[in-house]
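Readers should treat all values here as calculations from the given coordinates under stated rules, not as data from a laboratory. What you are looking at is a predicted structure, and each value in this text was computed from that prediction instead of being measured. Counting neighbours? That spans all protein chains shown, and the Cβs are built from the backbone with ideal geometry, glycine included.
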Amino acid sequence: MTVRGRISRDWVIALSFSALGLALRLWNLATPKGKYFDEIYYATNARSLLSHGVELDSKTGAAQFIVHPPVGKWLISFGIKLFGYNEFGWRFSSALIGSASIALMYFTAKKLFNNEFLSIFATFLISVDGLHLVHSRIALLDIFLLFFIQITVLAFLHQKYWIAGLALGLAISTKWSGLYVLLALAILVLTLDYRRNRLSLKTFSVRIIQFGLLPLLTYLLSWTGWFATTGGWDRKWSPNLAKSFWHYHAEILDFHSHLTDSHPYSANPWSWLIQGRPTSLFYATPKDCGASSCAQEVLALGTPILWWAATFGLMVTFGYWISKREWAAEIILVVTAASYLPWFAFQKRTMFSFYAISFEPFLLLTLVYLLSKIGRNQRQVAVIFGAIVLVNFLYFLPLFLGIPISYNSWRDHMWLPSWI
């Protein structure tokens, strides 16, 4: 097969998975009705950005104190612009980006393993993960953060560091937690330059621009609406615009540093990998499920068997890296660690297990990495495991899609007491 033929085949496979993912994400997307969980903030902010360029209170028109940068909300506003200010409109961009994320998984695995079957297996795994599906059907910021991290890693693997720097800037412009990935990859690229005997003053200067100035410039540009208008929060705190901007960011940092409010679904990072306390994003008791007592829930739960296996895969992959120092294991571990480990430093902060979506593809890639180590019966192992995960995914599908079921059935789905 020619190079062009292989590239075309890759695109057909990746886009086929993506199209199937999009169909599932768009199905009944306007349910639940109304804004649920933090859509009350992000969908509202997105509409304000679309109308005013900054986040204003929808009732009073006063400036609102907003604790996340604008890019994710601008992306949400794209769906609102296309389909109106309704449930489908403010969730559409998440569905679209989530589907594109599936295609990125294929190309990332293909670059890491140079194996079509392993790449298909990786893409299948992300396609049957409940946490990824739930994030793709709600107007939160995390699916956009994940998307930009995936672009960053794929560009990094191809040594397209200018693209990686731009994507990192967009990740940080969505959520500040993208900064950890920037720092990790900046250190990694310098380490790679050193290993290849390419770490000169000129190279170091270029890396500073690619992983320092370019992300910073991208971040500043993401705040164009705040700079170009006069109604944003703290916009007139000082006659010096730079001082006002700095003061606003100091307030944001203070907010995140002291966010310790109790929440019934807060979860310590120790429990994230095993899905110890998934976040209930929506719960209702409708009357139309065909039973005397009904339950309707959207639960930010990773497909349990998949995540439990991937937790084991992460530990084994780390062991392989210690002994073999293989590149595929290294990049998977670096990105996972950069997205996950920093949260352990904020033990008192209010945190949720759904933050784990930012490293979910790389956690799943540990399973692909382990599969690559199997010589004989590789495909049989993949098919058997994939079938088990698919059944598990379908079993929990009503909780991912918010489909009403009987209360007894809902209780059966609560495998752990901590899920309730």
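Key figures
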{"read-out": "Virtual paramagnetic centre 7 Å along Cα→Cβ of Leu217, amide N under 15 Å, in the stretch 143-164", "value": "161-164"}
{"read-out": "Volume per residue that the Cα convex hull of the stretch 1-128 spans, once the total is divided by residue count, Å³", "value": "133 Å³"}
{"read-out": "At least 20 Å along the helix axis (C-alpha) and Kyte average at least 0.0, DSSP helices within the chain", "value": "3-26, 87-113, 142-157, 178-195, 304-324, 378-401"}
{"read-out": "Rg and Dmax of the stretch 53-143, Cα atoms only, in Å", "value": "16.8, 57"}
{"read-out": "For the chain: relative contact order, % (alpha-carbon pairs under 8 angstrom, 6 or more apart)", "value": "18 percent"}
{"read-out": "Overall dimensions of the stretch 119-219 by Cα: Rg and Dmax, Å", "value": "15.3, 46"}
{"read-out": "Under-5 Å amide H pairs with Phe352, H placed in peptide plane, nonlocal only", "value": "Ala267"}
{"read-out": "Length added when fully stretched, Asp57-Val383, from 0.36 nm per residue minus Cα-Cα", "value": "112.2 nm"}
{"read-out": "Mean projected area in nm² (Cα convex hull; one quarter of hull surface) for the chain", "value": "22.9 nm²"}
{"read-out": "Highest average packing first - 254-261, 78-85, 329-336, Cβ atoms within 10 Å", "value": "329-336, 78-85, 254-261"}
{"read-out": "Length added when fully stretched, Lys111-Thr350, from 0.36 nm per residue minus Cα-Cα", "value": "82.4 nm"}
{"read-out": "Distance in nm between pseudo-label sites at Ala242 and Ile187 (7 Å out along the Cβ direction from Cα)", "value": "3.0 nm"}
{"read-out": "Efficiency of FRET from Cβ geometry, Tyr85 and His249, R₀ 30 Å, rounded to 0.05", "value": "0.55"}
{"read-out": "Virtual spin-label span in nm between Lys160 and Arg198, 7 Å along Cα→Cβ", "value": "1.6 nm"}
{"read-out": "Extended-chain gain in nm, criterion 0.36 nm per residue less alpha-carbon gap, Tyr407 and Leu341", "value": "20.1 nm"}
{"read-out": "Kirkwood Rh (inverse of mean 1/r, distinct Cα pairs), the stretch 267-420, angstrom", "value": "17.1 Å"}
